[in-house]
Amino acid sequence: LLLDYAKVYLSWPRHDNWAKATDRNPDAARAFSQVLDESVWMIDLVRGFDAISGTLTEEERQTIFARVFRPAADIIYKRDDVGRPILGNHQCWHLSAYALAALVMGDVARVRESIDGLSGWKYQLSRGILEDGCWYEGAWGYQFYTMSSLAPYFTALRNLGYEPPAAFKRLFDSPFGQLAPD
């Protein structure tokens, strides 16, 4: 499937939610109509790749990198390269997608950017998680959506020996503080 995507991904025009082909709209993507959905898709692709990469030849891996992962990660990354911090659940999906692609491709600079960059996870966790451990957008849907984006990212980092910050665990613990005694 990944090799089939590698055959066609770059031929798909970037398009918006109205199926209008455009390179000017920063939210436009190739497989989906917005970078958010491309990010969700990308995380699944990278996780699948990681599971089967040992069965691929080096040439097949490089083809997938060059024709799917790198171009998709570039679209996602450029969406957020606006010279100022961006906070939010969408940003967490973007961050995880390009960081996971960078991890499997060995792109250390982009992994570092995903951690320390203007909108990196350090910024997301320091500004996005409130004292009580709840996500700043104020709804459980946003909190669980954000958790779903960051979990694969921090799992990958943990597998490389980097422990997730305590703030990340607080996102998981905070819903228990909202339970009623009954």
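Give, rounded to the nearest 20 debye, the magnitude of the charge dipole that region 42-182 has about its Cα centre when Lys and Arg contribute +1 at Cβ and Asp and Glu contribute -1 at Cβ.
Details: 14 positive and 17 negative charges, 53 e Å.
Dipole size: approximately 260 debye.
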**Request:** Could you state the orientation-averaged shadow area of the convex hull built on the Cα atoms of region 102-182, in nm² to one decimal?
**Result:** 6.0 nm²
**Message:** Run the reach check for Lys122 against lysines, Cα to Cα strictly under 28 Å, same-chain hits fewer than 8 apart removed. What comes back?
**Reply:** Lys78, Lys169
**Asked** Of Leu150, Ala97, Tyr162, which is farthest on the positive side of the dipole of the chain, counting Cα position, with +1 on Lys and Arg Cβ, -1 on Asp and Glu Cβ, and the Cα centre as origin?
**Response** Ala97
**Prompt:** Of Met42, Ala73, Gln124, whose Cα points farthest to the positive end of the dipole of region 1-135 (charges on the beta-carbon: +1 Lys, Arg; -1 Asp, Glu; origin at the Cα centre)?
**Reply:** Ala73
**Request:** On each of the three principal axes of the Cα atoms of region 1-48, give max minus min coordinate, whole Å, ordered largest first.
**Result:** 29, 20, 14
**Item:** Point-to-point label distance, Leu87-Lys169, nm (Cα→Cβ direction, 7 Å offset)
**Value:** 2.4 nm
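Heavy-atom accessible area per residue, region 1-133, 1.4 Å probe: how many Å²? Mind showing how you got there, number by number?
Details: 6770 Å² over 133 residues.
Roughly 51 Å² per residue, with all protein chains present.
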**Prompt:** Under 18 Å from the 7 Å Cα→Cβ point of Asp50, by amide nitrogen: which residues of region 120-154?
**Reply:** 121-122, 146-154
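Hey, could you get me the Stokes-Einstein D for the chain, Kirkwood radius over alpha-carbon pairs, 37 °C and 0.692 mPa s, rounded to whole µm² s⁻¹?
Details: Rh = 17.1 Å.
So the translational diffusion coefficient is about 192 µm²/s.
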**Item:** Karplus (6.51, -1.76, 1.60) ³J(HN,Hα), θ = phi - 60°, over region 123-136, in Hz, Gly and Pro reported as x
**Value:** 5, 4, 6, 6, 9, x, 9, 7, 3, 7, x, 7, 6, 4
**Item:** Placed amide H near Ser119: partners under 5 Å, 5+ positions off or other chain
**Value:** Ile86
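Counting Lys +1, Arg +1, Asp -1, Glu -1, what net charge surrounds Leu87 among other residues with beta carbon under 13 Å of its beta carbon?
Numbers: positive: Arg84, Lys122, Arg127; negative: Asp80, Glu137.
Value of the local net charge: +1.
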**Item:** Net lengthening on full extension, Leu179/Glu59 (0.36 nm per residue, minus Cα-Cα)
**Value:** 38.0 nm
**Complete:** A correct Karplus calculation of ³J(HN,Hα) over region 57-69, with 6.51 cos²θ - 1.76 cosθ + 1.60, θ = phi - 60°, whole Hz and x for Gly and Pro, returns 6, 4, 5, 5, 4, 5, 5, 5, 4, 6, 10, 10, 4
**Fill in**
From the Cα centre of region 73-125 to that of region 156-174, the distance in Å is 17 Å
**Item:** Distance (nanometres) between label positions extended 7 Å along Cα→Cβ at Arg112 and Leu130
**Value:** 3.6 nm
**Request:** Show that you can apply the helix-only estimate: for the chain, add -39,500 (n - 2.57) for every DSSP H stretch of four or more residues, divide by all residues, and state [θ] at 222 nm to the nearest 500.
**Result:** -18000 deg cm²/dmol
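Using a 1.4 Å probe over the heavy atoms of the protein chains, calculate the carbon and sulfur portion of the accessible area of region 137-182 as a whole percent. Could the numbers behind the result be given before it?
Working: 1740 of 2920 Å².
Reported share for carbon and sulfur atoms: 60 percent.
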**Message:** Restricting the calculation to Cα positions, tell me the Rg (one decimal) and the Dmax (whole number) of region 1-98 in Å.
**Reply:** 13.6, 41
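The values are calculated or read from the model by the stated rules, or taken from the named source; none is laboratory data. Keep in mind the model is a prediction, meaning the values are calculated, not measured. Virtual Cβ from ideal backbone geometry, glycine too; neighbours counted across all protein chains shown. Surface accessibility is based on the protein's heavy atoms, side chains included, excluding ligands, DNA and RNA. Shrake-Rupley method; radii C 1.70, N 1.55, O 1.52, S 1.80 Å.
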